[in-house]
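Data first, discussion second: the structure below is written as structure tokens.
The values are calculated or read from the model by the stated rules, or taken from the named source; none is laboratory data. Note that the coordinates shown come from a computational prediction; the quantities given were computed from them, not determined experimentally. Every residue, glycine among them, receives a Cβ derived from its backbone with ideal geometry; neighbour counts consider all protein chains shown.
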Amino acid sequence: MRLDKLLSHLGIASRSETKALVRGGRVLIAGERAKSPDAEVLPGAALALDGREIDARLERHLIMNKPAGVLTAAEDRRQKTVMDLLPPACAALGCMPVGRLDKDTTGLLLFTTDGVLAHRLIAPRSHVDKVYIARVDGALTAADVSAFAAGIVLRDFTALPAELEILSPDTGRLTVREGKYHQVKRMFAARGKPVTALERIAFGPLALDGSLAPGEYRELNAEEIAALYAAAGIEHE
Ligand code: URA
């Protein structure tokens, strides 16, 4: 990709700014001073600006520990969104949340620049497991476990069978294989036990990273990326 296009995609410099950076000798490609803004940057070539290495990967996959009080949306005029917690380069590259968590839901949220991967992971037919810890108003019972396993009947659809494990009288670990709007809250509400706190602790092969404080994120490693593509049924080099 051309240097000026790449720097603009990465949110580092506009095309005209790149021209000035190159003129000032401030950009290195593979250790050599870039001669022109339209110089070709080969995939994997080391890129540096003012002596500092630039992360020039265009494909990004991130995991975040979503805090409460933040919207899962690409943008919002009034409220803070999860995108506001990421570095601007991620949005410039087209990083988007994979599915959504409610404003008051916390925990594992993925981001990717790969729209096909995101789509496959959240498609109703892909049946990727999502695991939640739900605290409810009420006491969970064996009858709730059976009802979730049979498929909770909601006004507009019957949920796929889900596994509920009772961790304490008011707290359960729920594994669901679909992700319709407010689904977990609606399922518990249908049992007369409204959710008072919800945290997602796993999505497909990935578990919430205990080292991430609420609002923190990190890049997925190569193994995690491979596992995610495998869960989505997509071949990935
Ligand atoms: N189900 C819900 O009801 N809310 C969430 O945030 C996620 C799943």
Inter-residue pairs, beta-carbon under 6 Å, first polar (S, T, N, Q) and in the range 169-197, second modelled with pLDDT of 95 or more and within 12 Å of the ligand (Cβ to nearest atom), 6+ apart: T175/V131
Answer residue from the range 122-138, given it is farther than 16 Å from L160 by Cβ and in contact with a strand residue (DSSP E or B) (Cβ under 9 Å, 6 or more places away or on another chain) and is surrounded by the fewest Cβ atoms within 10 Å (Cβ to Cβ) among those: D137
Odd one out for V128, checked against (1) under 30 Å from L85 (Cβ atoms); (2) away from the ligand (no atom under 11 Å from the Cβ); (3) assigned to a strand (DSSP E or B): (3)
Residues that are more than 10 Å from the ligand (Cβ to nearest atom) and within 10 Å of the chain's Cα centre (by Cα), drawn from the range 94-106: C95, M96, P97, V98
Condition check for L109: under 23 Å from G215 (Cα atoms), more than 15 Å from the ligand (Cβ to nearest atom), of a type in the set (A, V, I, L, M) and in contact (Cβ under 8 Å) with a residue 24 or more places away in the chain: no
Any pair with Cβ under 8 angstrom, 6 or more apart, that starts in the range 117-134 at a residue that is on the phi < 0 side of the Ramachandran plot and at pLDDT 95 or above and ends at one that is more than 16 Å from the ligand (Cβ to nearest atom) and of a type in the set (F, W, Y): L117/Y229
Residue list for the range 93-114, filter: assigned to a loop (DSSP other than H, G, I, E, B) and either of a type in the set (K, R) or out of contact with any His (no Cβ under 8 Å at 6 or more places or on another chain) (or both): G94, C95, V98, G99, R100, L101, K103, D104, T105
Condition check for E224: outside any strand (DSSP E or B) and in the same structural domain as L85 (by TED's automatic domain parsing): yes
Test: residue in the range 141-154 that is of a type in the set (V, I, T) and closer than 12 Å to Q183 by Cα: yes
